[in-house]
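*Asks:* After the structure tokens below, expect a handful of questions from me.
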Amino acid sequence: MSKVFEYFKQVGGAFGPSGREDDVREVIGAMAGDLCDDIQTDALGNLICRKKGTAEDKKKIMFAAHMDSIGVVATFIDEKGFIRFSQVGGLSWSDLINIQIRFANGTRGVISVEEKTPWREMTQGNLFIDIGVKDKEDAERMVRVGDFAIFEAQPFTQNGVLCGPYLDNRIGCVTLLLAMEQLPETVPSDVYFVFTAQEEVGLRGAGPAAYAIQPDLAIAVDVTDTGDLPEQKYPMACEMGKGPAVKIMDSSVICSPEVVKLLDDTAKALDIPTQHEILKFGGTDTAMLQKTRMGALAGAVSIPTRYIHSPSEMCSEADVENAAKLLAAVASK
Ligand SMILES: [Zn+2]
């Protein structure tokens, strides 16, 4: 089993929809503990791991990967025990039909759909969660309004490709853990590895973390779309397996050209394949890293990923390994 998959199985399986990141934070904290000098959790739930630098006039480098995932929250339980829900983060209703979900207390269920509603008129309001109970009273013993749930699906690897729920962005968290492992004994700069909270609901955790750290250089790690599928709506020059992507811009940020150059040059020196990424729809923590306090030089390394925000996201393990190698090299400079 590859290390990428081994780590993903631990980090990816942990419960942690936005605002409910306790379990995933605990799992990552346990894995990161031996790899850094200190760890703290702030009020928003960001996990901040630091490796101390040795240089006299040391700078601060911040890497950030959001650890929260998308999910659903129960909003209403009807007389027959069917549960209506609202989205946590951006969900597309067509990704949700007849998939399994799991609540924090272990209750499992299936999301299904009102058959009478024509597909053209379908919204998330026409979906419901079925936990297989006989009535409301039964349901309320297992789920309360306000309970969060996540997708439940088995991840797999095959021919160097990894597939499963929540690559967005547990694969970014795995990338940071792999980079931490590759750091040399001593590094010149203070290096912060931050696992941020509540990215999926509006980049909420990264700003306060960047405010506290005040980095000189900040790099986010997240997934990005690919343009390599049949008959896609928009062309995109980013492919799964062609290397980690150096972000140029997305709808939330224009990356600092200095950071793009640093990543490009470092990758070239190490013979790491990379590609440039422009994501037309979607934002990342990068935006908050760049504009918090008086601003920082900011960029991002993205893992090209197919079917983002579905229960079956897919990426290349080699892209993850190469992204970690690139970050470790940047941190060692
Ligand atoms: Zn996302």
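*Asks:* Just want to confirm a number: the relative contact order over segment 71-151, from Cα pairs under 8 angstrom separated by 6+ residues, in percent.
*Replies:* This gives 44 percent for segment 71-151.
*Asks:* Mind jotting down the distance between the C-alpha centroids of segment 273-333 and segment 20-93, whole Å?
*Replies:* With segment 20-93 and segment 273-333 each reduced to a Cα centre, they are spaced 16 Å.
*Asks:* Let me ask something additional. Give me, ordered by chain and number, the residues 5 or more places off M122 or on other chains with an amide H under 5 Å from its own placed amide H.
*Replies:* none
*Asks:* Rounded to the nearest 5, what is the percent of antiparallel bridges among the DSSP beta bridges in segment 151-279?
*Replies:* 55
*Asks:* Using the structure shown, list the pairs from K291/K333; K247/K268; K59/K333; K233/K280; K60/K291 with a Cα-Cα distance above 19 Å, or answer none.
*Replies:* Exceeds cut-off: K291/K333.
*Asks:* Residue by residue, what Karplus-based ³J(HN,Hα) values in Hz, rounded to whole numbers, does segment 226-236 have, using 6.51, -1.76 and 1.60 with θ = phi - 60° and x for Gly and Pro?
*Replies:* My calculation for segment 226-236 gives 10, x, 10, 9, x, 6, 6, 5, 10, x, 9 Hz in order.
*Asks:* Also: Order H309, H66, most accessible first, counting only protein heavy atoms with a 1.4 angstrom probe.
*Replies:* H309, H66
*Asks:* Next question, about the same structure. Could you work out the relative contact order of the chain, using alpha carbon pairs under 8 angstrom and six or more residues apart, expressed as a whole percent?
*Replies:* This gives 23 percent for the chain.
*Asks:* Summarise the accessible area of segment 71-151 (1.4 Å probe, protein heavy atoms) by the percent that is carbon and sulfur.
*Replies:* 48
*Asks:* Whole number in Å², please: accessible area per residue of the chain, 1.4 Å probe, ligands, DNA and RNA not counted.
*Replies:* Value returned for the chain: 45 Å² of accessible area per residue.
*Asks:* Largest first, what is the accessible-area ranking of D190, D271, D135 with a 1.4 Å probe?
*Replies:* Result of the area sort, largest leading: D271, D135, D190.
*Asks:* Mind grabbing the accessible area of D225 for me, 1.4 Å probe, Å², rounded to tens?
*Replies:* 60
*Asks:* If you don't mind, there's one more thing I want to ask. Cβ under 14 Å from T274's Cβ, T274 left aside: what net charge do those residues give with Lys, Arg +1 and Asp, Glu -1?
*Replies:* Charge balance near T274 sits at -2.
*Asks:* What does the helix-only formula give at 222 nm for the chain: each DSSP H stretch with n ≥ 4 adding -39500 (n - 2.57), the total divided by the residues, and the result rounded to the nearest 500 deg cm²/dmol?
*Replies:* Rounded to the nearest 500, the figure is -7500 deg cm²/dmol.
*Asks:* So, one more: If we sort 177-188, 314-325 on the protection proxy, mean other Cβ atoms within 10 Å, highest first, what's the order?
*Replies:* 314-325, 177-188
*Asks:* For K80, list the lysines whose Cα falls under 24 Å from its own Cα; do not include residues on the same chain fewer than 8 positions away.
*Replies:* Straight-line reach from K80, under 24 Å: K116, K134, K136.
The values are calculated or read from the model by the stated rules, or taken from the named source; none is laboratory data. Since the model is a prediction, treat every value here as computed from it, not as a measurement. Please note: Cβ atoms are built from the backbone with ideal geometry, for glycine as well, and neighbour counts cover all protein chains shown. Accessible surface areas use protein heavy atoms only, side chains included; no ligands, DNA or RNA. Shrake-Rupley method; radii C 1.70, N 1.55, O 1.52, S 1.80 Å.
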